[in-house]
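First up is the structure itself, then whatever we jot down about it.
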Amino acid sequence: MKKIICFIFLYIISFQTCGYAASGTGNAEVLKVTMRKIELCAGYQGGDFDDILTDAFCNNPVVIGSGDRVVDIAGVNAGAAAASYGNPALLPLGETYTHMRVTIDKAFTIKSGTIDTGGTNKTDQCMTKAIDDSFYPNDESTDKYTHRAVVAEGGNSGTAEEMNTYFINGAPSSTHDNSGTYTQCYDETCTNNDNTWYMTYLDTETGLINNDDSNIAQSIHQASNATDDFILIYELTSPYTVTMTPPTIDIAFGTQGAIGAQEVCNSGGSNCTGQTDGMCSFYIANVKVQITIK
């Protein structure tokens, strides 16, 4: 039986927890996200997440920030760095805004020390490690959304390094038919792998709210949607009406338990008991965000 990942979504980023028998989380020493666009919305009706770029998800949008900027949300100044990306002076006087649409890159740079997956002793010290083209069948650029790389525990001789990780191809949770959506590597060269693994992403507002997520809508990462963009909708903590006084944007992040590690082995089962080839596979697990404009 193949492993299944359910999806939780939380910030200007998102995160996965799920159906792995052997998985654990650790705090992020580094968690870099590339911000691409921020829009404020005068209203929100929602609908099919495939339509997230339409007016129903962001009424009368106003772009207050655009262009790629990397923000380490695990850093002490993360909130200020993210908030300074936008320019609220662009907002029309008297308009009221209730939501925010955020576009980020699906690539993240992470760093985390020892994480115990709770599986075999082969994965009780998972540590992020710098990866390159050699960890993929073709190269990182070609395979980053279709393959999930693995590393041996202990990082680089016991040192945690910054590591690239991606939101891989999946399917909407409400319509998935249990077919494979990505290839799981079983070794550091991905010579051994399995293409029947699958990821599902929550695709309804109710599903996200029930999982206590910060965002209320998100684009779905799937092979049919060939883009590097990840789009999320957030509700402001309270509506904001533009006045003559320049507004301030406050963004707060929580990154405890933000990095997840799961045990992977050639057995392809729900755990690696009795196996000797356990490896560590990393993902974004749990990030919280709160956005206030006043």
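All of the numbers you see were taken from the coordinates with simple rules; none came from a lab. Computed from a predicted structure; not experimentally measured. So basically every Cβ, Gly included, is an ideal-geometry build from the backbone, and we count neighbours across all protein chains shown.
Tabulated values for the structure
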| quantity | calculated |
| --- | --- |
| Proximal aspartates and glutamates to Lys32, defined as alpha-carbon separation beneath 17 angstrom and excluding residues fewer than eight positions away on the same chain | Asp68, Asp72, Asp105, Glu161, Glu162, Asp228, Asp229 |
| Test item: Cα-centred dipole of the range 4-293, Lys/Arg +1 and Asp/Glu -1 on Cβ, debye | 520 debye |
| Peptides 84-91, 100-107 ordered by average Cβ neighbours within 10 Å, highest first | 100-107, 84-91 |
| Ranking of Tyr166, Tyr201 by count of other Cβ atoms within 10 Å, fewest first | Tyr166, Tyr201 |
| Residue among Thr191, Thr117, Thr204 with the largest mean-square fluctuation in a Gaussian network model of the chain, springs linking Cα atoms under 10 Å | Thr191 |
| Positive-end residue, the range 4-293 charge dipole about Cα centroid, Cβ charges, pick of Phe167, Asn121, Gly75 | Gly75 |
| Value of Rg/Rh across the range 30-162 [Cα atoms, Kirkwood radius] | 1.10 |
| 5 angstrom amide H check on Thr196, placed H, neighbours 5+ away | Gln184 |
| Along principal axes, Cα extents of the range 4-293, largest first, whole Å | 66, 40, 33 |
| Sorted by Cβ density within 10 Å, fewest first, the residues Ser214, Ser141 | Ser141, Ser214 |
| Entries of Lys111/Lys294; Lys129/Lys294; Lys37/Lys122; Lys129/Lys288 with Cα pairs more than 29 Å apart | Lys111/Lys294; Lys129/Lys294; Lys37/Lys122 |
